[in-house]
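The values are calculated or read from the model by the stated rules, or taken from the named source; none is laboratory data. Values in this document were obtained by computation on a predicted structure and should not be read as measured data. Because the Cβ atoms are built from the backbone with ideal geometry, glycine has one as well, and the counts that use them run over all protein chains shown.
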Amino acid sequence: MFRFVLPLAAVLMISACGGAAVVGPADGGTDGGSTDNGPITSATGIPAALRVNVNAIAYDPAAQTLNVQIASLDSTPTTVQYRRTAALDVAGYQAYSMQEDALDRLFIALAAQSPDGSVSATTVADGGQFNKYFAGGVYTRKGAFERPEIGTGPGAGQVSYAGNYAGLLNGGISQGDPTSVLLPTEPGTDPSLLPAQSARVSGNIFLNANFADNSVNGSIYNRMVVDTNTALSDVILVATDITENGTFEGGAEDPDKNPVGAYGGAFGGRGANSVAGLVHLTEVIRDVTDEQEHGVFVLSRCGGPNDPGGVCSQTAPR
């Protein structure tokens with residue numbers, strides 16, 4: 001049986017049996033992003049490496065409701081309303097969860113919408129059971145892609161985005177751990193039946209985008225496991241193209257330039273004021289094997305009407 005072990009120490013360890021493996025992408029997806037320069041409302045246009053098992057998500061931050069269609073084993077019917085679970089919130093992201101009973105998988109979702117309401121993104125994962133886990137995510141956009149004004153000089157087409165990052169690991173939390181919300185099992189239950197809970201990851205993310213060259217890159221930094229205060233290494237989001245419809249898909253690397261996964265998303269709002277996207281990482285924790293991370297980001301443009309502050313003070317335009 002798989003089990004991450006995340007002690008309250010600076011080093012993550014894993015048992016010899018390794019982490020649960022993700023089940024392959026759900027049917028009906030694509031290998032690349034949508035080419036339609038309009039609203040993004042369907043998961044089918046999201047790259048399969050990021051969407052993975054998710055078929056649809058409907059998120060209403062004002063009503064604090066989240067409906068998920070994932071393949072599979074969360075609940076019935078096919079589309080399931082998850083419960084708001086504020087105890088698992090990660091900075092900037094609302095948490096939701098679903099576990100029907102103590103011997104079913106516990107799914108956790110982290111979601112956010114941009115302040116201007118133009119884009120949103122959600123990531124969801126269970127912590128693993130019976131050697132497998134299910135996970136993935138979606139990002140959405142209201143309206144068509146609109147580039148910022150492109151001119152000459154700093155900030156005239158090359159702009160920056162900043163904000164919070166959140167992620168879910170494929171395990172890490174067991175029943176009885178301080179941050180566990182797993183339903184209690186009866187004493188003596190065979191360990192092979194027990195589901196695990198996804199550990200949460202927090203961090204900051206910064207993107208530079210050039211809308212004349214149609215390119216974007218960046219970094220996820222200050223990464224840590226929320227449940228154990230364990231520091232994690234940075235993740236580099238390698239330069240990739242921005243398509244005509246304002247979407248992008250690229251590779252992720254560790255600081256030593258080793259490939260560790262993929263990222264992608266979509267720009268939205270007036271003058272590309274916001275951006276939302278997903279990250280899928282593998283083998284990013286030193287001394288741990290078989291770990292995977294499904295992350296989410298929703299960011300505002302530096303110098304824009306929803307300037308996020310922080311590192312944006314060092315960017316143009318000011």
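Worth pointing out:
- When each of Ala199, Ala162, Ala166 is tested for being farther than 29 Å from Pro39 by Cα, crowded, with 17+ Cβ neighbours inside 10 Å and modelled with pLDDT of 95 or more, the lone residue that passes is Ala199.
- Residues of region 91-135 satisfying the condition of being under 25 Å from Gly45 (Cβ atoms), buried (at least 21 other Cβ atoms within 10 Å of the Cβ) and not hydrophobic (A, V, I, L, M, F, W, C): Tyr93, Gln94, Tyr96, Gln113, Ser114, Ser118, Ser120, Thr122, Thr123, Asp126, Tyr133
- Meets criteria (touching a residue at least 12 places away in the same chain (Cβ under 8 Å), in contact with a helix residue (DSSP H, G or I) (Cβ under 8 Å, 6 or more places away or on another chain) and either surrounded by fewer than 22 Cβ atoms within 10 Å (Cβ to Cβ) or over 28 Å from Asn222 (Cα atoms) (or both)) for Val138: no
- Pair list, Cβ < 7 Å and 6+ apart or interchain, from region 290-309 residues that are farther than 21 Å from Leu110 by Cα to residues that are of a type in the set (S, T, N, Q) and in a loop (DSSP other than H, G, I, E, B): Arg301/Asn273; Cys302/Thr315; Gly303/Thr315; Gly304/Asn273; Pro305/Asn273; Asn306/Asn273
- Answer residue from region 202-243, given it is modelled with pLDDT of 95 or more and of a type in the set (D, E, K, R) and is farthest from Thr152 (Cα to Cα) among those: Asp227
- Residues of region 86-101 that are assigned to a loop (DSSP other than H, G, I, E, B) and either on the phi > 0 side of the Ramachandran plot or not polar (S, T, N, Q) (or both): Asp89, Ala91, Gly92, Glu100, Asp101.
- Residue, nearest to Ala102 (Cα to Cα), within region 46-84, restricted to residues that are among the β-branched types (Val, Ile, Thr) and outside any strand (DSSP E or B): Thr76
Here is a yes/no grid of residues against (1) hydrophobic (A, V, I, L, M, F, W, C); (2) over 25 Å from Tyr59 (Cα atoms):
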position: Pro195; (1), (2): no, yes
position: Arg200; (1), (2): no, no
position: Asp213; (1), (2): no, yes
position: Leu237; (1), (2): yes, yes
position: Asp254; (1), (2): no, yes
position: Gln292; (1), (2): no, no
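- Selection within region 174-226 - aliphatic (A, V, I, L, M), in a loop (DSSP other than H, G, I, E, B) and either in contact with a Ser or Thr (Cβ under 8 Å, 6 or more places away or on another chain) or at positive phi (or both): Val181, Leu182, Leu194, Ala196, Val226
- Output for region 255-273, where each listed residue is closer than 18 Å to Leu50 by Cβ and more than 12 Å from the chain's Cα centre (by Cα): Pro259, Val260, Gly261, Ala266, Phe267, Gly268
- Test: residue in region 208-230 that is free of Cβ contacts under 8 Å to residues at least 24 places away in the same chain, surrounded by fewer than 19 Cβ atoms within 10 Å (Cβ to Cβ), in contact with a Gly (Cβ under 8 Å, 6 or more places away or on another chain) and among the hydrophobic types (A, V, I, L, M, F, W, C): yes
- Residue within region 173-189 that is touching a strand residue (DSSP E or B) at 6+ places or on another chain (Cβ under 8 Å), buried (at least 21 other Cβ atoms within 10 Å of the Cβ) and closer than 30 Å to Ser114 by Cβ present: yes
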